[in-house]
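Have a look at the structure below, then the notes.
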Amino acid sequence: MRSILSISDTYEGTHLDVKRAVTTIKAYEMEPFIAISEFIHEDGSTESGQIADTLDYCFGESTPDAVFIGFIRDAMNASLIASRVAAASPSIIVSDPSIISDRGEVWMTEETYNVISTAIFDMSTHIVINHLELELLACFECRTVYDFERAARKLHNCFDASIYVKDCELTGGKALFCDNTGITWIDAHRESSKPELSFGNSLNCELAMGITGIKAVTNALFFIHNGRRVSDTIPVPQSQTAPSLISPAKFLRDIAHSIDSPAPAQGASSPDQPRPAKTSIIDPVTEGTKGTVSELKPASKDSSSKSSNDSLSELAELRKRLEALKKSSM
């Protein structure tokens with residue numbers, strides 16, 4: 001079973017509640033490891049999550065298949081997390097830091113922001129941000145499609161990471177994804193997603209499954225909107241009979257069978273004698289030396305008594321009929 005490590009503060013009763021990460025990872029049938037740096041209760045009281053001990057345990061035996069780093073409010077916790085994750089060197093690191101809310105509320109100090117925007121982003125493979133965080137990191141305002149794309153490319157080049165910019169009113173409900181292949185705009189519509197699920201953790205799970213690029217993003221969006229994985233909706237194809245392969249020789253024999261032959265000479269098989277089916281793949285086995293080339297017409301018991309002259313005459317007659325058949329079909 002794949003293991004996913006999700007690291008963040010948990011803010012009870014909000015979209016930053018760690019329960020969303022647990023629900024998402026379990027829905028992918030993966031083993032969740034949750035490292036909480038700080039508990040923020042609904043009444044505003046806080047409690048330390050003993051993040052150092054938790055990370056030592058999570059990285060103690062093996063490195064998780066993928067790591068998600070979410071909202072972290074304290075600068076010291078952010079620095080500790082950055083150093084421990086960097087030492088473990090996981091191949092997949094998705095960062096969704098929640099620096100600024102969609103309404104413009106700043107959720108961390110400048111000191112914490114500096115750690116996030118350097119130490120954590122520098123080691124991330126995928127960065128998930130909103131349009132205000134995009135403007136903050138790119139250091140210019142985004143008002144047009146060109147602005148958004150230019151800012152995303154700037155961050156992609158700066159951090160050497162894939163950049164996902166969440167949808168907003170300015171983009172008409174479209175999200176932006178930038179990676180090595182270029183820029184892609186995607187219909188996202190976050191308002192219709194399920195609140196108990198986490199896009200960042202879903203993306204992390206898709207990447208851990210070996211899905212990459214825009215496909216991982218669209219799969220994660222499908223999951224948070226429908227509550228199920230894309231793979232769960234694809235019907236298992238029923239086994240199908242392999243197609244019949246008809247050789248050119250068999251095709252010519254079928255044409256020959258379809259042409260009414262003249263009455264056979266004395267000693268030949270009678271007209272009432274059944275012939276091999278036209279749709280058969282393999283002709284009946286005839287007696288004779290193995291490896292010899294079969295005649296165009298099906299062999300009969302008396303075929304060996306025919307003279308070579310009779311065989312040549314029949315072959316010439318057959319060729320004439322084949323040519324006539326081709327001309328009539330043109």
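The values are calculated or read from the model by the stated rules, or taken from the named source; none is laboratory data. Computed from a predicted structure; not experimentally measured. Ideal geometry is used to build each Cβ from the backbone, glycine not excepted, and the neighbour counts take in all protein chains shown.
Give the range 93-128 a look and list any residue that's among the hydroxyl-bearing types (Ser, Thr, Tyr), modelled with pLDDT under 95 and more than 19 Å from residue 76 (Cα to Cα), or say none.
101
Look through the range 7-24, keep the residues that are among the aliphatic types (A, V, I, L, M) and touching a helix residue (DSSP H, G or I) at 6+ places or on another chain (Cβ under 6 Å), and return whichever of them is surrounded by the fewest Cβ atoms within 10 Å (Cβ to Cβ).
Filtering the range 7-24 for residues that are among the aliphatic types (A, V, I, L, M) and touching a helix residue (DSSP H, G or I) at 6+ places or on another chain (Cβ under 6 Å), the one surrounded by the fewest Cβ atoms within 10 Å (Cβ to Cβ) comes out as 21.
If a residue has to be of a type in the set (Asp, Glu) and either over 22 Å from residue 84 (Cα atoms) or not assigned by TED's automatic domain parsing to the domain that holds residue 219 (or both) to count, how many in the range 1-38 make the cut?
3
I'm checking my understanding of the structure. Among residues of the range 147-176 that are modelled with pLDDT of 95 or more and among the hydroxyl-bearing types (Ser, Thr, Tyr), which one is surrounded by the most Cβ atoms within 10 Å (Cβ to Cβ)?
164
Working only within the range 43-70, note down all residues that are among the charged types (D, E, K, R), in a loop (DSSP other than H, G, I, E, B) and over 34 Å from the mean Cα position of the chain (by Cα). If you could, list the steps in order and put the result at the bottom.
Step one: of the range 43-70, the residues among the charged types (D, E, K, R) are 43, 47, 53, 56, 61, 65.
Keeping just the survivors that are in a loop (DSSP other than H, G, I, E, B) gives 43, 61, 65.
Selection gives 43 alone.
Checking the structure you have, find out if any residue of the range 58-66 is touching a helix residue (DSSP H, G or I) at 6+ places or on another chain (Cβ under 8 Å), closer than 26 Å to residue 219 by Cα and aromatic (Phe, Trp, Tyr).
Initially, the range 58-66 is screened for residues touching a helix residue (DSSP H, G or I) at 6+ places or on another chain (Cβ under 8 Å), giving 59, 63-66.
After this cut, where a residue has to be closer than 26 Å to residue 219 by Cα as well, the list is 63-66.
Next, from what is left, pick out any that are aromatic (Phe, Trp, Tyr): none.
The answer is no, given that none of the residues of the range 58-66 is touching a helix residue (DSSP H, G or I) at 6+ places or on another chain (Cβ under 8 Å), closer than 26 Å to residue 219 by Cα and aromatic (Phe, Trp, Tyr).
Could you identify the single residue in 73, 84 that is in contact with a helix residue (DSSP H, G or I) (Cβ under 8 Å, 6 or more places away or on another chain), of a type in the set (D, E, K, R) and in a helix (DSSP H, G or I)? Don't jump to the end; show me each part of the working.
Numbers: 73 fails: in a helix (DSSP H, G or I).
Sole residue among the options that is in contact with a helix residue (DSSP H, G or I) (Cβ under 8 Å, 6 or more places away or on another chain), of a type in the set (D, E, K, R) and in a helix (DSSP H, G or I): 84.
Which residue is nearest to residue 205 (Cα to Cα), if the candidates are limited to the range 96-142 and must be touching a residue at least 60 places away in the same chain (Cβ under 8 Å) and not in a loop (DSSP other than H, G, I, E, B)?
The selected residue is 126.
Results for (1) in a loop (DSSP other than H, G, I, E, B); (2) more than 19 Å from residue 97 (Cα to Cα); (3) in contact with an Asp or Glu (Cβ under 6 Å, 6 or more places away or on another chain), shown as yes or no for each residue.
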{"site": "185", "(1), (2), (3)": "no, yes, no"}
{"site": "195", "(1), (2), (3)": "yes, no, no"}
{"site": "204", "(1), (2), (3)": "no, no, no"}
{"site": "207", "(1), (2), (3)": "no, no, no"}
{"site": "214", "(1), (2), (3)": "no, yes, no"}
{"site": "221", "(1), (2), (3)": "no, no, no"}
{"site": "225", "(1), (2), (3)": "no, yes, no"}
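Would a scan of the range 61-80 turn up a residue that is more than 22 Å from residue 121 (Cβ to Cβ) and surrounded by fewer than 21 Cβ atoms within 10 Å (Cβ to Cβ)? Before you say what the answer is, go through the steps one by one.
Let us first name the residues in the range 61-80 that are more than 22 Å from residue 121 (Cβ to Cβ), namely 61-62.
Then keep just the ones that are surrounded by fewer than 21 Cβ atoms within 10 Å (Cβ to Cβ); that gives 61-62.
Within the range 61-80 (the criterion being more than 22 Å from residue 121 (Cβ to Cβ) and surrounded by fewer than 21 Cβ atoms within 10 Å (Cβ to Cβ)), the answer is yes, since at least one residue qualifies.
What residue, among those in the range 159-174 that are in contact (Cβ under 8 Å) with a residue 24 or more places away in the chain and outside any loop (DSSP other than H, G, I, E, B), is farthest from residue 221 (Cα to Cα)?
159
Is at least one residue of the range 215-236 touching a strand residue (DSSP E or B) at 6+ places or on another chain (Cβ under 6 Å) and under 30 Å from residue 31 (Cβ atoms)?
Here is the first cut: in the range 215-236, the residues touching a strand residue (DSSP E or B) at 6+ places or on another chain (Cβ under 6 Å) are 217.
In the following step, the residues that additionally are under 30 Å from residue 31 (Cβ atoms) were identified as 217.
Yes - at least one qualifying residue is present in the range 215-236.
Please verify whether residue 4 is at pLDDT 90 or above, surrounded by 14 or more Cβ atoms within 10 Å (Cβ to Cβ) and within 22 Å of residue 113 (Cα to Cα), treating the condition exactly as stated. Break it down into steps so the answer makes sense when it comes.
Values: at pLDDT 90 or above: yes; surrounded by 14 or more Cβ atoms within 10 Å (Cβ to Cβ): yes; within 22 Å of residue 113 (Cα to Cα): no.
Here the answer is no, as residue 4 does not meet what is asked.
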